Amino acid sequence: MKKTFTLLILCLFLGACGFSARNKASKYTENFTSGKYLEACKNVADKDLCADEIPEEKLPEVEKIGLDNALNAATALFVDKKHNTSSQIFEDKSQDIVKKQQQSLATNIGRATTEIIANASLLGYSPYIMDGIYLSAYQILNMLALQDYQGLRIEVNRAYQKQQMAAELLEKQIQKQQQENQENQQAMAQTEKILGEYADLAKWKGYEDFLNPYATYLSGLTFLARATSSSDYETAATYLKRVLGMVPENTVVKEDVEVAEAAANGLQAPPNATWIIFENGLVANLEEFRVDLPIFLVSNEVQTASLAIPRPKERASAYGFITISTGEEQSHTQLLADVDSMFISEFNKRFPGILTKAIIKLTAQTVAQAAAKKNLGTWGSIGAAIYSVATAGADLRSWYSLPKNVQLSKINKTGTSQTISLKTETGLELGSVEVPTEGNHIIYIRVPSAGSAPSISLFQL
């Protein structure tokens, strides 16, 4: 009886880990979509980190915060214009992402064992390739807000390096996954039915070699707006042409390429414009999907068990697009980056590995439950069943505060200060921004859901 009670307490603890992560995500999203960005930050991080400045004695807390929570906390801080703290957290976790991605390529017996015997939420978040690249987009904007132009150039270079490494990293991950699948033929034999349930996700296509047009565009725009030589304009043109290859219908990017190439050849004056970036809605999140599988026990009995695995679920856009008007000129935002496609397409590539591990875990636990019943009787069977339920939840962690898509527009300056009016496609007023006469600027707009109060910032390039 004492052993069973101890097992029950352990199971409740393991199950609570998964429930806690989901509860945090739910509360975060509720506050984030309500415009309560600091409250959202506090749902996933120490309250002292959710401020303009982090107290010196609290700096160690930045290292302790889990990677998924850190990414979501720093995003909330960014949208709330707490750029110094947002930048500190992103900077701390940038290298953490690289380390974790490299570790995922190595055989990790400890992690593999824990994945079988415990809830995945006990393990550190395994970052997506897109996480590190998207982080650079926010860091570029953070550096602009802080007017840290040395840090800006460093982050632009990092973004380039991350995207260069992305294809190689993905190839290595796929090779490792294929090797693991070959070693677990019994588990793989049961995957076909489940993979069929996910067939509709194949429609989502990311960008070639995991490039991120948003991060790449911001890098090119930085070179274009801050160019001091023809080589800078040439670099800008290289970045921007890469983006145009990903979003060939975007007329703003096409114009920027033409401006960069003309300036590189001395045929055009430097740009003097305002670019409008709209982060729209919320990226797909992960929800739990359950499917029943037959498990063959050592006694040749067959027992049906329920498998819990993650599945992407789309969330709505806030608005179709935003119209921009100065009274003299009007335009509307166009798609720059489909973040849903980036996330879901990478999930699809990771999913066979996720599924194989989940089936191995379920099989091991079902066999253990049968053995417990045989050797320990009813109480052993109950204890093993409780343990199986407590540890069966799918790992639903992700960078769920990213936008569903990123849109872009541009207004060329006329030599006088401009009041730029922002409205939804239905004419709903979002606000207006007074833009200085000289210099290049970015108006950043974030609307997580329809009816949310927009967060609007002005950055000087």
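The values are calculated or read from the model by the stated rules, or taken from the named source; none is laboratory data. This is a predicted model, so every value here is computed, not measured. Cβ coordinates were reconstructed from backbone atoms using ideal geometry, including for glycine residues, and neighbour counts include every protein chain displayed. The accessibility values were calculated without ligands, DNA or RNA, using every heavy atom of the protein model including side chains. Shrake-Rupley method; radii C 1.70, N 1.55, O 1.52, S 1.80 Å.
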*With Cβ to Cβ distances under 11 Å as the rule, what net charge do the other residues near Thr414 carry (K, R +1; D, E -1)?*
-1
*What residues have an amide H closer than 5 Å to that of Gln418, excluding those fewer than 5 places away on the same chain, when H is modeled at 1.01 Å from N in the peptide plane?*
Val435
*HN-Hα J couplings of the stretch 50-61 from phi, Karplus 6.51/-1.76/1.60, θ = phi - 60°, integer Hz, Gly and Pro as x?*
9, 7, 5, 10, 8, x, 3, 6, 9, 4, x, 5
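Peptides 149-160, 71-82, 422-433: what's the order by average Cβ count within 10 Å, highest mean first?
On the way: 149-160: 18.2, 71-82: 26.0, 422-433: 14.4.
Packing proxy ranking, top to bottom: 71-82, 149-160, 422-433.
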*Using a 1.4 Å probe and counting only protein heavy atoms, arrange Glu314, Glu255, Glu346, Glu63 so the residue with the most accessible area comes first.*
Glu63, Glu314, Glu255, Glu346
*Would you grab the residues whose amide H sits under 5 Å from the one on Gly431? Only those 5+ places off in sequence or on another chain, please, with H modelled 1.01 Å from N.*
Leu422
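Relative to the present Cα-Cα distance, how much length would full extension add between Asp52 and Ala202 at 0.36 nm per residue of separation? The partial results should precede the final answer.
Details: separation 150, 0.36 × 150 = 54.00 nm, distance 4.21 nm.
The Asp52-Ala202 span can extend by a further 49.8 nm.
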*Using the Karplus equation 6.51 cos²θ - 1.76 cosθ + 1.60 (θ = phi - 60°), what ³J(HN,Hα) coupling, rounded to whole Hz, does each residue of the stretch 67-81 give in order, writing x for Gly and Pro?*
4, 5, 5, 5, 4, 6, 5, 5, 5, 4, 5, 4, 5, 7, 6
*For the stretch 220-288, just the Cα set please: Rg and Dmax, both in angstrom.*
14.9, 57
*Step through the residues of the stretch 334-346 one at a time and calculate ³J(HN,Hα) from phi using the Karplus curve (6.51 cos²θ - 1.76 cosθ + 1.60, θ = phi - 60°), rounding each to whole Hz and writing x for Gly and Pro.*
10, 4, 10, 8, 8, 6, 3, 5, 4, 6, 5, 5, 6
*Once amide H atoms are built 1.01 Å from N in the peptide plane, which residues 5 or more positions from Tyr319, or in another chain, come under 5 Å H to H?*
Gly281
_Alpha-carbon centroids, the stretch 45-104 and the stretch 149-176: separation in whole Å_ = 20
